[in-house]
1. Give me Rg/Rg_expected for the stretch 168-316, where Rg uses Cα atoms only and Rg_expected = 2.2 N^0.38 Å with N residues.
2. Taking a cut-off of 13 Å between Cα atoms, list the aspartates and glutamates near LYS31, but don't count ones fewer than 8 places away on the same chain.
3. Could you give the spread of the C-alpha atoms of the stretch 98-242 along their three principal axes, from largest to smallest, in whole angstroms?
4. Which order do peptides 161-173, 369-381 fall in by mean Cβ count within 10 Å, highest first?
5. Taking R0 as 45 Å, what FRET efficiency do you get between THR151 and LYS341 from their Cβ-Cβ distance, rounded to the nearest 0.05?
6. Any of LYS95/LYS119; LYS119/LYS316; LYS48/LYS95; LYS316/LYS365; LYS61/LYS145 with alpha carbons more than 29 Å apart? Name them for me.
7. Given charges of +1 on the Cβ of Lys and Arg and -1 on the Cβ of Asp and Glu, with all other atoms neutral, how large is the dipole of the chain about its Cα centre, in debye to the nearest 20?
8. Before anything else, pin down the relative contact order of the chain: Cα pairs under 8 Å, at least 6 apart, normalised by residue count, whole percent.
Amino acid sequence: MVRFISMMLNLGLALAAPSLMNRQDQAINKKLVVGAAGQILSFQFDGKSFKTISNVTDTGKAASWMIFKQPNHLYAVDENSNTLRLFNYDPATGKISDKPVSEQTGSPGVVSLEFSLDKTRLLGGSYSNGTVDIWDTTAADGTMKFIKNVTLTGDLLNPKHTTHRAHQVVPDPSGRYFAVNDLGGDAIHILDSKKDYAVTSITKVGPVGCGPRHGGFLSTSATPGALPSHYVVLCETMNLVKLYQVAKQADDTLKLTYVTGVSSYGPDSPPLNATTAAAGELTVAANQRDIYVTNRLSGSEFDNVSLFTFEHTDTKANIVFKSEVSSGGVSPRMMSLSVDKDQSIMFVANPMGANGLVALPRNQKCGTLGPQPMAAVVNTTISTQVGGFGPQFVLEIPQK
């Protein structure tokens, strides 16, 4: 089945006009920022093709995560150093300043950025140091001021790592708590913003060596900003998707209780090469039902994106594998959904393989991704410019 989907993707990329286009697609006008080895790029996507707007080249740097704050502040990590960079970005035109307007020193190897709910604080997770940087971002010009870093502690059970590794910082919908996925410590650390971002609880994620990488909060409540009921995490090393129940304790700490876990490949399609396979990204749709994960380095010509659904009753919760589709390339490190109400497009960044940047149509009703892409950017047009990997990060920036 996977090989068939890969063949369909190849056919779809060869066609100039995908059959799924309709009149509504003509009005699509999306602006994207993309991080690649030594490059930060911006694109316009019209539903049929990607058009390059900006190409900021900075050899040796890696903008593997970026985040935007109105009106024009684009923050970018450099996971190859200890600098956090600020660029000017125009949401209307999609243009990025040729050089950073500010560079500040923080922890080395930061690979994830997230704002506090009011966007006065910016948190950065350091893979190299096992720390979380806290920045003040209240300045009108967007300049960041370093406040402190939070060090992850606890037993190191993962035999493949000699330090804690903060791979992603995930805000909960209420805005108070942040989950930090610790790939090196096989743990999820909870930071409390009302307690100066202190670590107030640590949940070990088994089995030993599973490597929790990316995750997302889930809620069974329809109330906006309610405390989440569950947390789902993707384990890189063992290719597992694991679900935890979230409960607030009397002392305001969050307790995570394991519920269930499944293979990121689903029950019937294991990776061709289980030795190299390493799961990457996890994205939760706004409907709090659809969960997408990327499976990387599976040994096939194309890696894939798997869809799971969060299913629950008053007494029981579960995650169920639904489908998979080719990512169009190899080692999809990051993906993100479009910002329109229906989240009608999934953008995927593949550092290697045939296609670096791919847009997949999404069915909002059932969550499935179409096997025939709307458009793609051939990887060699990006990666060969700096002699490195292709896209590692992709994000649509709202134009208003």
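1. Relative to the 2.2 N^0.38 Å estimate, the stretch 168-316 comes out at 1.04.
2. ASP46, ASP90, ASP340, GLU396
3. Sorted largest first, the three principal extents are 46, 40, 31 Å.
4. 161-173, 369-381
5. The value I calculate is 0.65.
6. Flagged as over cut-off: LYS119/LYS316.
7. In total the dipole reaches around 380 debye.
8. 13
The values are calculated or read from the model by the stated rules, or taken from the named source; none is laboratory data. Owing to the predicted nature of the structure, the values given are computational and were not obtained by experimental measurement. Cβ coordinates were reconstructed from backbone atoms using ideal geometry, including for glycine residues, and neighbour counts include every protein chain displayed. Please note that ligands, DNA and RNA were not included when accessible areas were found on the heavy atoms of the full protein model with its side chains. Shrake-Rupley method; radii C 1.70, N 1.55, O 1.52, S 1.80 Å.
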